[in-house]
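Here's the structure, in structure tokens; my notes come after.
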Amino acid sequence: SHGLKWSSEGLVAIHVPWDTDRGRIVGEWKGTTMDRVLVTGAGGFIGHHLVKRLKGQGHWVRGVDIKEPEFEPTAADEFLLLDLRDPVQAAAAFDVEGGFDDVYGLAADMGGMGFISNHHSLILHNNLLINVNSIEAAARTGVRRYLYTSSACIYPAGAQTTTDAPPLREDQAYPADPEDGYGWEKLTTEKLAYYYHEDGLLPNIRIVRFHNVYGPLGTWNGGREKAPAALCRKTAIAKYKGGTLEIWGDGEQTRSFMYIEDCLDGLERIMAAEELNNVPVNLGRDRMVSINELAGIIGDIAGVDLEIEHVEGALGVRGRNSDNTFLNEVLGWEPQISLEVGLQPTYEWIEQQAKNDGLLD
Ligand code: NAD
């Protein structure tokens, strides 16, 4: 026995021989070779979904976070509550016999515009520590592939000043002028990962620049939620309790939004693509909509036609979209799921959460 705990339903007692030559676990389940995978931020929105996906593929998965997933139990074989701001706890997160094959570095102290635009020092401080410690621990333990989740927030503000701003290409990151706080951390950690690679400490890395991701099981209230979730909640409340729909600013600010299933498909393809070793790549949809349009799509799904009230709020850049030319060139694929399709289960799930919390009574 190699001492690993198997706690997932359906993965009943099977003999898991240890292949010392390759230093990997060879399992009989599904007849595939299992990877040992670490997902940091596994208590969060994308991390939780990713763990489920990886488990479905038969891998052995450890999740790490400072909190457990909020809405359903984790599917991970092992879930460790650790604070990655602490180098000792980060070392523990990466400590596994034989080292990890794949690491998805998703842990971050983050939220929507309302949160990230009001907590610059906290975000820069916490996220720098998380990533400095994670990348160092990865290098020390000899991780096979390390994926860092960056963000569209690294792109220069000057390229996003109009509602019809051209889609952002990977090579536009420099000269740098990223989003305050959050964007500076993401760009700095991109560089850190790059230097670790260049110096031979991490042989195989991926840098993925997410553009807004949405879907069920994501933060939907409390101040850290993003626009799609916030609009679903406000729409559900107005549907059942009456009133107007509040939108921050004039609502003409534009963004693109990617459904969680597209995000997971993209992560898997990017991790597998050797051409993307140490080459930053966008992962997002390239359909730009205004926040007013987004509210309209959600209203159609909810079956309501609400009066919109424009109020003061955090706005971020005026217009932002993903240029998927490079992603497509390398993968022959790009995110496909339309807002009309992806927002349906998202709205239904949030309406149910709001109902459970008594917000619709
Ligand atoms: P999330 O907030 O749902 O998940 C992040 C998780 O990291 C949380 O569960 C949080 O508890 C955990 N975390 C925070 N501090 C920690 C610490 N000190 N130690 C260990 N864990 C800690 O966010 P998400 O939407 O799942 O995003 C995942 C990653 O993708 C993040 O790096 C985020 O910056 C990036 N990203 C997300 C989006 C998006 O639209 N969701 C867009 C761009 C980039």
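Of note:
- Farthest toward the positive end of the dipole of the chain, out of Ala165, His49, Pro203, is the Cα of Pro203, where the dipole comes from beta carbon charges about the Cα centre.
- Once the Cβ-Cβ distance of Val279 and Asp177 is raised to the sixth power relative to R0 = 22 Å, the FRET efficiency obtained is 0.55.
- Only Cα pairs under 8 Å and 6+ residues apart enter the sum, and on that basis the relative contact order of the chain stands at 16 percent.
- Anisotropy class of segment 243-305 from Cα gyration tensor, a/c 1.5 cut: prolate
- Under 27 Å between alpha carbons - lysine pairs in the chain that sit 8 or more apart or on different chains: 24
- Working from label points 7 Å from Cα in the Cα-to-Cβ sense, the Leu359 to Ile237 distance is 0.6 nm.
- Classification of segment 157-271 by its C-alpha gyration tensor yields a prolate form. The axis ratio a/c (a ≥ b ≥ c) is 1.5 or more, and a/b outweighs b/c.
- Accessible area of the chain belonging to carbon and sulfur atoms, whole % at 1.4 Å probe: 51
- Kirkwood Rh (inverse of mean 1/r, distinct Cα pairs), segment 106-216, angstrom: 14.8
- Largest GNM mean-square fluctuation across Tyr182, Tyr240, Tyr148, computed for the chain with C-alpha springs under 10 Å, falls on Tyr240.
- For the chain, a Gaussian network of Cα nodes joined below 10 Å ranks Gly249, Gly284, Gly56 by mean-square fluctuation, and the top entry is Gly56.
- Applying 0.36 nm per residue to the separation of Glu198 and Val341 and subtracting their alpha-carbon distance, the gain on full extension is 47.3 nm.
- Considering only Met110, Met258, Ala138, the residue lying farthest towards the positive end of the dipole of the chain is Ala138, judged by Cα position with unit charges set on Cβ.
- Working ranking of peptides 58-66, 315-323 by packing, defined as the average number of other Cβ atoms within 10 Å per residue, highest first, is 58-66, 315-323.
- Column: log10 I(q)/I(0), Debye, Cα scatterers of the chain, q = 0.06, 0.07, 0.09 Å⁻¹: -0.22, -0.30, -0.50
- GNM result for the chain, Cα springs below 10 Å: residue of Met288, Met110, Met258 fluctuating most strongly: Met110
- Under the convention that each Lys and Arg Cβ holds +1 and each Asp and Glu Cβ holds -1, the size of the dipole of the chain around its Cα centre is about 480 debye.
- Computed from label points 7 Å out along Cα-Cβ, the spacing between Gln57 and Phe326 is 2.3 nm.
- Charge dipole (debye, nearest 20) of segment 240-350; +1 at Cβ of Lys and Arg, -1 at Cβ of Asp and Glu: 180
The values are calculated or read from the model by the stated rules, or taken from the named source; none is laboratory data. What you see is a predicted model; the values in this text were computed from it and never measured. We place every Cβ from the backbone using ideal geometry, glycine too, and count neighbours over all the protein chains shown. Note: accessible area is taken over every heavy atom of the protein model, side chains too, but ligands, DNA and RNA are not part of it. Shrake-Rupley method; radii C 1.70, N 1.55, O 1.52, S 1.80 Å.
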